[in-house]
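To start, the structure itself, in structure tokens.
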Amino acid sequence: MAAVKLSEVRDPSALFEAHSAEEIRGLEGKVRAEIEQKKEELRQMVGERYRDLIEAADTIGEMRRSAGLVVDAVRGMERYCGALRAKPGPAPGHRGGGAAQSQERFYCTAAQIKLLLEIPEKIWSAMESSQFLRATQLYLLCCHLHSLLQLDSSTSRYSPVLAKFPILIRQVAAAGTFRATILQESKSLLRCSSASDQSVTEALCSIMLLEDSSPRQALAEFLLARKAGIQQLLNQPHHGSSIKTQVCSLVELLANTLYQAHALFYTQPDAVAADPALSCGLLFSMLETVTAQQAGGKGIKVLREEMQSVNWSKHLPPSVLDFQPTLRTLAHPINQDYLQETLQQWINLCNEDLKSGISALLVYVKTLKGLAGIRDAVWELLTSDSMSQNWEKVCHRLLDRPIRFWEDMMQQLFLDRLQTLMKEGLESISSESVQLLLSTLQDLEKNPDSLKHIQHEGNICSFLWSESQSDLPPDAAWISVAHRGPQRRSGLSLKAQAVTPCIQSFCQVIDSKLKVKLEDLFSYLPREAPAGEQQSQPLGGRPSAFDRYGDAGTVQEMLCHHCLTCMQHIQDSVRTQLKSAADAEPAYNAAMCGHTLGRVLFLARLCQSLSELCPHLKQCILGKSGGIEHTIREAKTTKKSGKGRAADKPQVVCKWQELKDKLIKQSLDAYSIWSATVVKHLVHSFTNTLLQSAAGSALATATQWDEIEIQEETEAGSSVTSKIRLPGQCSWYVQSLLFNLCQAVNRVGGHALPKVTLQALLRSCLDEVLGAYEKLCQEGLGKKSANPVTQTRALQLLFDLRYLCLVLGSRAEDGKSGKTKPDSRIQHIADQLEGRIDPFDLDVFTPHLNVNLNRLAQRTSVLFGLLTGAENQFISRSSTLGVQETHNVLPLASSQIRFGLLPLSMTSSRKSLSRIVEEARTQVTATVPKAQEDTFRPGSLFRQLATQDDDTQAPSLFKLGWLSSMTK
């Protein structure tokens, strides 16, 4: 049954229409229960009100009885006074003198009672205006009146005044609370840091007068109150004020405590002249003024000034008019050694409380900018005129040493909080970066074709040869690369480094997060190069309280340490991914290099690009100062010149270089996984084709041989012309191996591959190829071989082997000259293959075979440019013409070159086209006819590059006018 609000039901018949009989009975029972409940509540309410009414009636009756008693007492006093007036008096002379004395005593007592009744109001007025010393004096005067009127409850004598004036009983009871209230308010004032010296002095005088304490006890009371004030500031709720306000209030309280301790308790030696700008001994001077018995005391003046306006004050006794409070013990000045020892103990106690309290407060500061704001506020407070004017003198007098609030109490707390914030921030960056790295690798593993930002990781060619608006910056026409900042890289420069969009976005994410942390940190550091004296010197020439940028070096070391820890976390994740990829033995896909290899290449490029595309990472490690960049440039220059030492570099530069080396090493490790997989796949296909022993397999991979005419001398001395056929090209499977290898290198951005990786790739490929040839020699060159190698195939195999060794063989490193030591394996395989060739024929074939080999290597140097390298030793040519012409070589890439170098003419003289053509014709005419025919037939350009021996006789095509004019 749905809930029904009976108060909303207006028509009872509607209930019968909407509900059944059972539901109506349930509603009836519910209504009756509510009726009974309301009746019970009504009974309870009436009963309670009735009890209150009875109590009020009893109170009214008691008041009526009390009023009747008072009226009866007043009437009895009137009758008593009337009876006294009706009595006959004594003799006139004696009666007049006694009546006068009795009347004077009566007026004296009445005046005291009148003053006693007015004192509570005066005390409360003084308390409201924070005049605690005046309230204390009035309270002590009240106590003195109590003793005069015998109202003190401690005495056992009967008090006739209380019997005749019962109203004084309540007054005596009310006066007993004044002492506790004055003491409480005075001690509360001592905890306030903004209280003036005069107010604190009066509060301490009040405490000493009320508790009969000595100056040493007053000093302890003052310091305990200030320690309680520190605890109060530390424990107050944070929503009422900011952390900066609380910390500044704590520092202000400490400084004011020392200033007021000097003003109140320090006494100037007699031999030292008083300093008018720095007050001292206020407590003792005020105590002497308040408790002095000579005329002119402050208590006398206050009471007499108040009593001048009333006519009944003349009846007050002299003990009341001249009342002044007294101390039971003499207020001797505090010994300077005791004052110094007490203050030092108090500072040590407060130091522990401050460290724990401020540490708890700084937990609520979540940014380094907030820490810098608190530090700057403390610096401005301590550097202000009110704090720093006589600070050193006060510290020397009280403690005989300077007090450094920032260095001794707060600096380490700020550094600890700064380190915590920095550690948490960089740990967050590292964890988020690792999560981003894992998600990117998962996307690469799933389906890289469907995601545009990662589809170029396996095959970078489509990205390199596509145009975009970001290839050139908008200001490329008028701002050179040298004047462009490291953060403003053009798209072409990134393509030249094979940096894919996925790598760019990943590095931008890390760099943007580091930028936010750096901007937050730089608010804590000086704006310019750290110069402590200049930065800490405030405006106006005032001395600085402390060097607020003195810990800039420590902060930068913390940043460098935690940033390196962050990068180590990322590197560990990369290392784990590379290890899993290496253990998985990734498969090679000719189209996209496979999903696993795509992940490996992504990690390789990422490690290679992090140090370049994250400039804020470099700034985190090297610091903010501009001198670091100059140091780095000097270090690089020294390294190039070979005169520097690693020990001469700054430590941060070494750390940055160490991080870069680690990243490069991880990048090389990733590339080694890729190169091993590529070589394994390609050489496997090469080996299968090489070892095929089926009939016709050699013909399927053979190429056209060159027919060469040779002249031989017979025994009779005549010459015989004959023709020989030699291989002029390598086998198809060799060309396929090299071409596929070159394609694989180009597919991953071979122009940006490290030279070490490329050399390792060629070396491993050559080792695998030599292994295949060794296996061939074992199977095909044996005596019991089913398909022995013929002389023709041996020539082709020997040509292929030498060509592969020429292309893939090791070469001298940059900057080093000399011939490399030949591999013994190559010589052994060549000897085995030459064993299948007739020795006489081998002697005839070898020179022509070498010429064909060099010609083929030079013809394919452009096709296999990434494999042959920039230092191609077989395309060097010497120019022995009459005129020496200088050339400017235009490099197309920084590390490896796919295309040949383009020689640009640097001749200063501008010759006419006709003169150039005429000179070229003269040079061509001077040559032999055969050389002339070979020079200008198709393919003469590469033939000219290939022919080393006849280079001095053939005219260079680069001297021709049509080619020279292209460069002008």
Work from the charge dipole of the range 312-470 (Cβ charges, +1 for Lys and Arg, -1 for Asp and Glu, about the Cα centre) and give the residue of Asn351, Tyr364, Leu464 farthest towards its positive end. Asn351
Tell me the label-point distance for the pair Leu278, Lys369, using the 7 Å Cα-to-Cβ offset, in nm and rounded to one decimal. 4.2 nm
What distance in nm separates the two pseudo spin-label positions at Arg401 and Gln37, each 7 Å out from Cα along the beta-carbon direction? 7.5 nm
Based on alpha-carbon positions alone, could you give the equivalent ellipsoid semi-axes of the range 349-411 from the gyration tensor, as √(5λ), descending, whole Å? 25, 16, 7
Between Arg65 and His144, the two model label points (7 Å from Cα along the beta-carbon direction) sit apart by a distance in nm of 4.2 nm
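By how many nm would the segment from Lys314 to Gln711 lengthen if fully extended, with 0.36 nm per residue of separation less the alpha-carbon distance?
126.9 nm
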Using a 10 Å cut-off on Cβ atoms, rank the peptides 794-807, 550-563 from the highest mean neighbour count down. 794-807, 550-563
With a 10 Å radius around each residue's Cβ, average the other Cβ atoms per peptide and rank 255-264, 729-738, 189-198, 460-469, highest first. 255-264, 729-738, 189-198, 460-469
Considering only Cα-Cα distances, which of the following residue pairs are longer than 18 Å: Lys655/Lys755; Lys618/Lys660; Lys495/Lys662; Lys517/Lys618; Lys495/Lys579? Lys655/Lys755; Lys495/Lys662; Lys495/Lys579
Summed residue charge, Cβ within 14 Å of Glu424's Cβ, Lys/Arg positive, Asp/Glu negative: +1
Segments 27-37, 216-226 sorted - mean Cβ within 10 Å per residue, highest first: 216-226, 27-37
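The numbers here are math on the coordinates, done by the rules we state, and not lab data. As the structure is a prediction and not an experimental result, all values here were calculated from the model. For neighbour counting, all protein chains shown are included, and Cβ atoms are generated from backbone atoms with ideal geometry for every residue, glycine included.
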